[in-house]
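Everything below concerns the one structure shown next.
The values are calculated or read from the model by the stated rules, or taken from the named source; none is laboratory data. This one's a predicted model, so the numbers in the text were calculated from it and none came from an experiment. Counting neighbours? That spans all protein chains shown, and the Cβs are built from the backbone with ideal geometry, glycine included. Keep in mind that these areas ignore ligands, DNA and RNA; they rest on the heavy atoms of the full protein, side chains included. Shrake-Rupley method; radii C 1.70, N 1.55, O 1.52, S 1.80 Å.
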Amino acid sequence: MSASGGTRAIVAALAANLAIAVAKFVAFVFSGSSSMLAESVHSLADSGNQGLLLLGGKKAQREATPQHPFGYGRERYIYAFLVSIVLFTVGGMFAIYEGYEKVKNPHPIEAWYWPIGVLLFAIIAESFSFRTAIKESNEIRGSLSWPQFIKRAKAPELPVVLLEDLGALVGLVLALGGVGIALITGNGVWDGIGTLCIGTLLLVIAVVLAAETKSLLLGEAAGPEDVEKIMAAAVDGDTVTRVIHMRTLHLGPEELLVAAKIAVQHDNTATEVADAINAAEARIREAVPIARVIYLEPDIYKAEAAKG
C-alpha cells in the first residue's frame with residue numbers, strides 16, 4: 001500500500017468526522033434525539049480511531065534497534081487492532097445502551113429540523129471521505145473484489161477507513177430512518193430502534209476488523225503473487241536450480257522477510273555458492289521490493305528434504 005495514499009484517506013476521514021461529530025452533538029442538544037447522540041459518539045470515536053492510525057503509522061517509521069532488530073512495522077497492526085476495540089466499546093456498545101434506554105423510555109423529538117439537517121450534511125461529508133478511501137484503494141486493489149481486498153490487504157489503514165466510512169454512511173441512513181419514522185408517527189421508540197440498529201452495525205464491523213487485524217498481528221505470509229515472483233526470481237537455472245522450500249512473513253505492511261532453502265550444484269565451490277546467493281537476493285529484491293530481509297540457505301536437492 002502506498003503510505004501516502006493511506007494517510008490521505010485517514011486525514012480526509014478525520015476532517016469529516018470531527019466536523020460531523022460537532023454538528024451531531026449540537027443537533028442532539030436542540031432535539032433530544034438519541035440517534036443523534038449515538039451518532040455523535042460514533043463520529044467522535046471514529047475521529048479517535050483515525051488519530052490512532054496516524055500515530056501507528058508514525059511509530060512504525062522508527063529505525064530498528066538491537067532489541068527490535070526487525071524494526072517497528074507491526075506498530076501499524078497494533079494500532080489498527082486498537083481501532084477495532086474502540087469501535088466495539090465506544091461506538092457499538094454505547095449506541096446499543098442508548099438505544100435500549102430510548103426504547104424503554106421514549107420521548108418525542110424536538111426541533112426536528114436540527115437532526116434532519118445535520119444528518120443530510122453528514123451524509124454528504126461522509127460520502128466525500130468514502131470516495132477518497134475508494135479512490136486510494138482502487139490504485140492498489142487491482143482485480144480483487146472488495147471483500148478480497150479487505151481480507152488480503154497487508155496495510156491495515158485503507159481497509160479500516162473503508163469499513164468505518166461504510167459503517168458511518170449506513171449508520172446515518174439508519175439514523176435518518178429512525179428519526180423520520182419517529183417524527184411521522186410521533187413515537188420516539190423508532191428513534192431508539194434506529195440507534196439499536198446503528199449499534200449492531202458497529203459491532204459487526206468491529207468484529208470483522210478485529211479478526212482481520214488479529215491475523216496480521218499473528219503474522220501473515222506474502223500474497224500468492226509475491227510468492228510466485230520470489231520463487232521465480234530465486235532460481236537462475238545454473239547455480240540455483242530450484243527452491244526446496246520457503247517461508248515468508250510480513251514484518252510490516254511494506255517489509256517482507258524471506259527465508260528459503262535453495263538447491264545448488266553439488267560441485268560448486270564456496271565462492272560460487274556465495275555469489276549465487278547474493279545474485280538470488282538481488283533478483284528477489286528487484287522482483288519484490290518489499291522483500292527487505294532475506295535468508296537463503298544452500299543445499300543439495302533431495303526429495304525427502306523438500307518435505308521439510
Exercise for review: Give the accessible surface of the chain per residue, rounded to a whole number of Å², with probe radius 1.4 Å and ligands, DNA and RNA excluded.
Suggested key: 48
Review point. Roughly what angle does helix 75-86 make with the longest principal axis of the chain, taking Cα atoms, 0 to 90 degrees, to the nearest 10?
Key: 30
Point to revise | Angle between the chain longest axis and helix 224-234 axis [Cα atoms, degrees, rounded to 10] | key: 20
Exercise for review: Can you send over the solvent-accessible area of R247, 1.4 Å probe, protein chains only, in Å² to the nearest 10?
Suggested key: 140
Exercise for review: Pop the C-beta distance of H68 and S127 into the FRET formula with R0 = 45 Å and round what comes out to the nearest 0.05.
Suggested key: 0.65
Review point. Given (i) 0.96; (ii) 1.03; (iii) 1.16, which label gives Rg/Rh (Cα atoms, Kirkwood Rh) as computed from the coordinates?
Key: (iii)
Study note, to complete from the structure: Net charge near I116 (other residues with Cβ under 14 Å of its Cβ; Lys, Arg +1; Asp, Glu -1) is -2
Review point. Taking the Cβ of K59 as the center, what net charge do the other residues with Cβ under 12 Å away carry, scoring Lys and Arg +1 and Asp and Glu -1?
Key: +2
Point to revise | Distance between modelled label sites at Y97 and Q265, nm, 7 Å Cα→Cβ extension | key: 7.2
Revision key, fill the gap. Of the accessible area of the chain, computed with a 1.4 Å probe and all protein chains kept, carbon and sulfur make up a percent value of 65
Check your understanding: Quick one: ranking T271, T132 by accessible area, 1.4 Å probe, largest first, what do you get?
Key -> T271, T132
Exercise for review: Whole Å is fine, so just give me how far the alpha carbon centre of region 39-105 lies from that of region 169-199.
Suggested key: 26
Point to revise | Additional length obtainable on full extension of the chain from N105 to K151, 0.36 nm per residue less Cα span | key: 12.5 nm
Revision key, fill the gap. Cross-link reach from K302 to lysines, straight Cα distance under 28 Å and at least 8 residues apart if same chain, gives K229, K261
Review point. Per-residue ellipticity at 222 nm for the chain, helices alone: DSSP H runs ≥ 4 residues times -39500 (n - 2.57), over residue total, nearest 500 deg cm²/dmol?
Key: -22500 deg cm²/dmol
Practice item. Kindly identify region 142-299 as rounded, prolate or oblate by the Cα gyration tensor criterion: order the square roots of the eigenvalues as a ≥ b ≥ c, call it rounded if a/c is under 1.5, otherwise compare a/b with b/c, prolate if a/b is larger, else oblate. Key: prolate
Check your understanding: What accessible area, in Å² to the nearest ten, does a 1.4 Å probe give for D226?
Key -> 40
Review point. Under 22 Å Cα-Cα from K59, which lysines qualify once same-chain neighbours fewer than 8 residues away are excluded?
Key: K154, K214
Point to revise | Gyration tensor (alpha-carbon) shape descriptor, region 106-189, a/c threshold 1.5 | key: prolate
Practice item. Quick one: grab the alpha carbon gyration tensor of region 233-308, order the square roots of its eigenvalues as a ≥ b ≥ c, and give me rounded if a/c is under 1.5, else prolate or oblate depending on whether a/b is larger than b/c. Key: oblate
Review point. For T200 and I300, what is the calculated FRET efficiency with R₀ set at 45 Å and r taken between the beta-carbons, to the nearest 0.05?
Key: 0.15
Exercise for review: Under 14 Å from a label point 7 Å along Cα→Cβ of M231: give me every residue in region 143-159 with its amide N that close.
Suggested key: none
Revision key, fill the gap. Taking Lys and Arg as +1 and Asp and Glu as -1, residues besides S40 with C-beta under 15 Å from its C-beta add up to -3
Check your understanding: For labels at I181 and A19 in the simple 7 Å Cα→Cβ model, what's the distance in nm?
Key -> 3.1
